[in-house]
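What follows is a short report on a single structure.
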Amino acid sequence: MSAPGQHRRRPIRYGVERLIDTLLMDGKVAAWSYRRGWHGNLGITRHALALDAAQRLPAPLVIAFASDLHAGPTTHPALFDALAHQLEAARPDVVLLGGDYVSLGARHIAQLRGLFARAAELAPLGAYAVMGNHDIWHGREPIQAALQDAGVHVLVNRNLALPAPFDMVSICGVDDPWTGAPSPRAAFAGAAPVRIYLMHSPDGMCNLAETFDVGFAGHTHGGQIAFANGTPVRRPRGPLSRDHCYGRYEFANGPLIVSRGIGCSALPLRINADPELVLCTLQ
């Protein structure tokens, strides 16, 4: 269920969501869509980044990034099983989770408890997460609790150094830019020399003074429904999300990788915007 007071603060959104929830028939529409291949094909997208010589790591660092799972009636749970298999095959050093874990209610976080635990177990240097706008709309407390119970570190305007021998690397997580209370300054305070910036939305780059070595964002779904050339039929909201929907972008602060994410929002349908697990190697 949603957090207390959410219904009163956003009655129109709540009413629309209840209508969508009813029309999706408790996930039956998503199951029908998934069986027909209309959730897209989950794949792996690989990136490699070279650090400066002064930032030498003891070994290449493999980072897995998954965002926008959207557990609930918009996404069939088989997609989460497929993601778990991809993570098991990839065996990353670190797992990063980019928010929007649920759609249409925090209660759907129960579908992800096993996946969270598996991610934390697989990654020898830990699993780390930030919150997305859907998580905050529906009440962040039970979602954060599910992540923490599974052994995932939740980073809300704070950072954590990786265990030795990678303790020269910090994961810096910021709260959602528009529905949360973001503080990039707090997220980077006291961080180690090599900084990985974790945010839900590309709009986490707005008014950012700090620099980083690689950043990760989701939120956009690559448009979720796009033309054959990948251009979204409807661009996501947000001053930076609109023009940074998918791929790698070079900012003055550092390189940002924007993922299409995993699940579906609003409609259980992806066209020309397949779900993806991002694997990034720092070397």
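The values are calculated or read from the model by the stated rules, or taken from the named source; none is laboratory data. All of these numbers come straight from a predicted model, not from anything done at the bench. Backbone-built Cβ (ideal geometry, glycine too); neighbour counts: all protein chains shown. Surface accessibility is based on the protein's heavy atoms, side chains included, excluding ligands, DNA and RNA. Shrake-Rupley method; radii C 1.70, N 1.55, O 1.52, S 1.80 Å.
Local charge for residue 175 was computed over the other residues whose Cβ lies under 11 Å away, with Lys and Arg +1 and Asp and Glu -1, and equals 0. Each Lys and Arg Cβ is given +1 and each Asp and Glu Cβ -1; about its Cα centre, the chain then shows a dipole of about 740 debye.
Each principal axis of the Cα atoms in segment 120-220 has its own extent, and those three values, largest first, are 38, 33, 22 angstrom.
Here r is the Cβ-Cβ distance between residue 145 and residue 53 and R0 is 45 Å; the resulting FRET efficiency, rounded to 0.05, is 0.60.
With 0.36 nm allotted per residue and the present C-alpha distance subtracted, the residue 185-residue 88 stretch has 31.5 nm of extension available. The residues of the chain expose, per residue, 42 Å² of accessible area to a 1.4 Å probe. Pair-distance distribution P(r) for segment 161-240, from all Cα-Cα distances in 5 Å bins starting at 0: 3, 15, 22, 19, 15, 11, 8, 5, 2, 0 percent.
DSSP beta bridges confined to the chain are antiparallel in about 35 percent of cases. Rolling a 1.4 angstrom probe over segment 62-157 with all protein chains present gives an accessible area of which 52% lies on carbon and sulfur atoms. Taking trypsin sites (Lys or Arg not before Pro) across segment 118-176, none is in a DSSP loop with at most 15 further Cβ atoms lying within 10 angstrom of its Cβ. The chain gives an Rg/Rh value of 0.95, both radii derived from C-alpha positions and Rh following Kirkwood.
Taken over segment 55-105, the percentage of Cα pairs per 10 Å bin, counting from 0 up to the bin with the maximum distance, is 23, 44, 23, 9, 2.
Over the residues of the chain, the helix contribution to mean residue ellipticity at 222 nm works out to -6500 deg cm²/dmol, using -39500 (n - 2.57) for each DSSP H run of at least 4. Among 195-205, 229-239, 209-219, 49-59, sorting by the average number of other beta carbon atoms lying within 10 angstrom of each residue, highest first, gives 195-205, 209-219, 229-239, 49-59.
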